[in-house]
Every structure is written in C-alpha cells, then in structure tokens.
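Q: Could you have a look at this structure, given as structure tokens, before my questions?
The values are calculated or read from the model by the stated rules, or taken from the named source; none is laboratory data. On a predicted model such as this, the values are computed, not experimentally measured, just so you know. Neighbour counts are summed over all protein chains in view; Cβ atoms, including those assigned to glycine, are modelled from backbone coordinates with ideal geometry.
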Amino acid sequence: MPESAGLDLAVHDNVIPEPRRREPLDLASPGSQLILLQILFTIVWSYELLFSPDAMLSIEAEEWVILGLLALVAALLVLPKEILETGWLPGVLVVSDTVIASALVYLSGNGVSDLYLTYFLIVLLAATTRSLKQMIWLSVLLCLSYGVVLYLESLTDGTLQEGQLLRLPLLLIMAIFYGVTTERVRRINDEKSGLLDYIADRKQAEEERERLIKELQEAMANIKTLRGFLPICAHCKNIRDDKGYWRSVEEYVRAHADVDFSHGICPRCLEKHFPA
C-alpha cells in the first residue's frame, strides 16, 4: 500500500465528530415565549422581594429564593424543544407560578394589602376571559385603576415608595404571563377538540360508507335479472322455472324482472281475429 494511502486512512480514522449543537431559541415559538415570560416573572418578583420594605425574610433567605427562581429558568432553558411545546407544560407553570407568586406576595409583606387582591383578580380574569386580547385590555384597565388607588393613597400619606410603583409593571407582566399561557392551553384544547371531532366525523363517514356499500350489495343481490337459457314450450309457450314448474311467460318474467305487463292487441292479431 502506498504511504499516502496509509496516511489518508489514519487521518480518516482519527476524525473527531463535531459536538451536537443545540438549536437556537426561536422567539416566535411557544416554548421560547414561556421561557421569556418565566424570566420576566423571576425579574419582577425578585425585585419586589429585595426592595420591599416590609419583607419577612432575611437577606440570605431572599437570595436563596431568587436562586430557586433562577434555577427554574435554567431548567426551562435546558429542556428539549419537544417538552417545551407539549400541552401540559403551560398548565404546570401556571399552577407553580401561582403558588410561588402567592407565597412571595405574603413574604414580601404585601399579604394583607391591595396588591394581593389585584393579583388574584388578574388570575380570575385569565380564567374567565375568552381571548388574549380581551384579557390584556381588562388587565390594563385593572392596573390603571390600581395605579389610581396608589396615587390617592400617596396623597393621603404623603409618600409613594419605589416598591409601590414597581407593582404596576409586576401586575402587567403577570397578566401577560397568565394571558399567554391560558391562551396557549385553550388553543391546544381547541386543537384536540377539533381533532377529536374530525376523527368522529371520519368514523361516522366510514360507517355511513360501509352502510351504503352493504345496502348496495344487498340491492344488487336482489335485482331480478334474466340470464342463460329458458326452457320454453314450443306450443303453449310456457316456461319451466328452476323448480320444474311450468309458468306462463307473463308470470315468469314478472317474477324474474322488475317489469309488469299491459295488455293490448297488435294490428296483425286484430286483422286475424277481428276481420273487418
């Protein structure tokens, strides 16, 4: 073997396969939207927890809570695309984030305030509205009303804290989060319902087709036809049937074909039997 051929063989044997690259996130895909919303959820609630003046946790505990939120985001980032776009994941995130947000509202010292009530009004809107657009508009109106309440309280107390101003974008982001996830769950359910309806219609159409084929086959079997040789008397013209009985032509044809007879007289017989 030539030396160059041996060198080529060694090179091919030592080829290192390229590592499999993870596909970049498609921001328009449902899975990427869930990740972005979860990141916004983590940012706003972390900020609310850190800068709330009435927080019930120590700084170390708050940091652990924020690390847990970041770990949840990291877990979503490493999930395969097939799992991110499954129908059950949005429901799991809605339930888990509702529990987390409820706990953070209480731990940030807002458990007895109007923020808690407004937050659950947004959850109620997400569960009752029929479309994402309707959910967003109603949530914007709710947040504006909440902003008016904060402004009136600031006029009474003479102070408006930074944490109170942060509640408005927090509520809007939560409204978008619940609206998008609820809309996705609703769309998946509609697609499943449409698929089930389509399968049911196809099944019904197949059953109708089978029924029509069966009826056609039965009709074809019952069609009265005349085939083959007919044994007929040369004198009286009676026909012998399959059972050996001699029957008149009219009776035989009427029994074996979908016809009937009307009696008249032809010109030849008229001239023969009734001469003028």
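Q: From 125, 117, 166, 170, which residue is modelled with pLDDT under 75, buried (at least 17 other Cβ atoms within 10 Å of the Cβ), assigned by TED's automatic domain parsing to the domain that holds residue 46 and within 27 Å of residue 57 (Cα to Cα)?
A: Step by step, each of 125, 117, 166, 170 is checked, and only 170 is modelled with pLDDT under 75, buried (at least 17 other Cβ atoms within 10 Å of the Cβ), assigned by TED's automatic domain parsing to the domain that holds residue 46 and within 27 Å of residue 57 (Cα to Cα).
Q: May I pose another question? Going by the conditions given, is residue 204 among the polar types (S, T, N, Q), surrounded by 10 or more Cβ atoms within 10 Å (Cβ to Cβ) and modelled with pLDDT of 85 or more?
A: The answer is yes for residue 204.
Q: Right, another one. Among the numbered conditions (1) more than 18 Å from residue 167 (Cα to Cα); (2) loosely packed, with under 15 Cβ neighbours inside 10 Å; (3) not hydrophobic (A, V, I, L, M, F, W, C), tell me where residue 90 comes up short.
A: It is condition (2) that residue 90 fails.
Q: Please verify whether region 179-200 includes one or more residues that are surrounded by fewer than 14 Cβ atoms within 10 Å (Cβ to Cβ) and hydroxyl-bearing (Ser, Thr, Tyr).
A: Checked region 179-200: at least one residue is surrounded by fewer than 14 Cβ atoms within 10 Å (Cβ to Cβ) and hydroxyl-bearing (Ser, Thr, Tyr).
Q: On to the next question. Checking residue 176 against (1) surrounded by 15 or more Cβ atoms within 10 Å (Cβ to Cβ); (2) in a helix (DSSP H, G or I); (3) modelled with pLDDT under 75, which test does it fail?
A: Answer for residue 176: the failing condition is (3).
Q: How many residues does region 145-158 contain that are surrounded by 11 or more Cβ atoms within 10 Å (Cβ to Cβ) and of a type outside the set (Ser, Thr, Tyr)?
A: Adding up the residues that qualify gives 4.
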